[in-house]
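Report on the structure given below.
The values are calculated or read from the model by the stated rules, or taken from the named source; none is laboratory data. This one's a predicted model, so the numbers in the text were calculated from it and none came from an experiment. Don't worry about glycine lacking a Cβ; one is built from the backbone with ideal geometry, like all the others, and counts go over all protein chains shown. For accessibility, only protein heavy atoms count, side chains too; no ligands or nucleic acids. Shrake-Rupley method; radii C 1.70, N 1.55, O 1.52, S 1.80 Å.
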Amino acid sequence: MTPHLSAIVTLHNEGVLAHTALNAYLQSRRFARDEGFRVQLVFVLDNADSQTKAVAMSHPMLDGSEIFVEATHGDLALARNSGISASSGEYICTLDGDDLVSRRYFSCHLIEAAKNDRRTILHPEMVVSFGMYNAFNWQVDQAGEYFDQDSLLTINPWISAAFCHRETFEETPYRACYPRTTGFGYEDWYWNCETIAKGFVHRLAWGAVYVYRRKFHGSLNEASHGMRSVIPPTSLFKAGSLWASQENEHAR
């Protein structure tokens, strides 16, 4: 039977940290199954080192239904696209190989998805950060009063964890950036802009919590920031776009 959800987990050089991440994802899968949902886990080993590969493939909670994809992209966007191509779920969500999630993370997203149409993209309601610094925050709902449409010019309102119908990723796949050679980065920010430009709405999976490991070193976002990377040119801000038309209406 087709899975309700395919969770795409990208792994690189997380080493033993991958064990804790898989604990969280596999536990959340178990709770989702108990609620009647079919969840498929797809692990993308993109230029993964031997320790990361060994930790992931020998995790004691694996049940044999998981898919492992080995790749040599060296790019997070292309790694995610490879995982999505290998998956078969009706819905897709993206996860990183050293973070954690709440036990009903998958269930909360699937329950919320049933209340919305296929043009809705979901993000976890709350983010708890730990590591380099400790913090927590609630994410913003695009349909809510706190969303500022102009904020996308300067910040990415959501973390990389996204959930949507697979048709969304087929219509708008992630774009490779290679910031060290192109100067472009922040593939998630760019993807959020592109999907909004096409009329998708970013909302929240109420009750879902993403636990974000803030690295002291090795973070792709921090590296992009250090190189002063910018997002690739996005159709969201082009003249004649849906967004620009709305801005013109507001100005009248």
Hey, can you tell me all the residues within the stretch 66-108 that are open to solvent by less than 10 Å² (accessible area, probe 1.4 Å), under 18 Å from K53 (Cβ atoms) and among the small types (G, A, S)? A79, G83, G97
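Under 25 Å from F147 (Cα atoms), in contact with a helix residue (DSSP H, G or I) (Cβ under 9 Å, 6 or more places away or on another chain) and not in a loop (DSSP other than H, G, I, E, B): which single residue out of I84, I92 fits that description?
Values: I84 fails: under 25 Å from F147 (Cα atoms).
Answer to the check: I92.
Yes/no matrix, rows are residues, columns are (1) among the aliphatic types (A, V, I, L, M); (2) modelled with pLDDT of 95 or more:
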position	(1), (2)
T2	no, no
E14	no, yes
Q27	no, yes
A32	yes, yes
E35	no, yes
K53	no, yes
P60	no, yes
E70	no, yes
Among the residues listed as F147, F136, the single one being of a type in the set (A, V, I, L, M, F, W, C), part of a loop (DSSP other than H, G, I, E, B) and free of Cβ contacts under 8 Å to residues at least 60 places away in the same chain: F147
Restricting the first residue to the stretch 110-123 and requiring it to be in a loop (DSSP other than H, G, I, E, B), which pairs with a second residue that is among the basic types (K, R) meet a Cβ separation below 7 Å and a spacing of at least six or different chains? N116/R203
Taking E171 as meeting all but one of (1) open to solvent by less than 30 Å² (accessible area, probe 1.4 Å); (2) acidic (D, E); (3) at pLDDT 95 or above, write down the number of the exception. (1)
Qualifying residues in the stretch 109-139 (those that are among the β-branched types (V, I, T) and open to solvent by less than 30 Å² (accessible area, probe 1.4 Å)) - the one nearest to A162 (Cα to Cα): I121
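Suppose we filter T168, T181 for residues that are more than 17 Å from the chain's Cα centre (by Cα) and either of a type in the set (A, V, I, L, M) or assigned to a helix (DSSP H, G or I) (or both); which single one remains?
Working: T168 fails: more than 17 Å from the chain's Cα centre (by Cα).
Exactly one residue qualifies, and that residue is T181.
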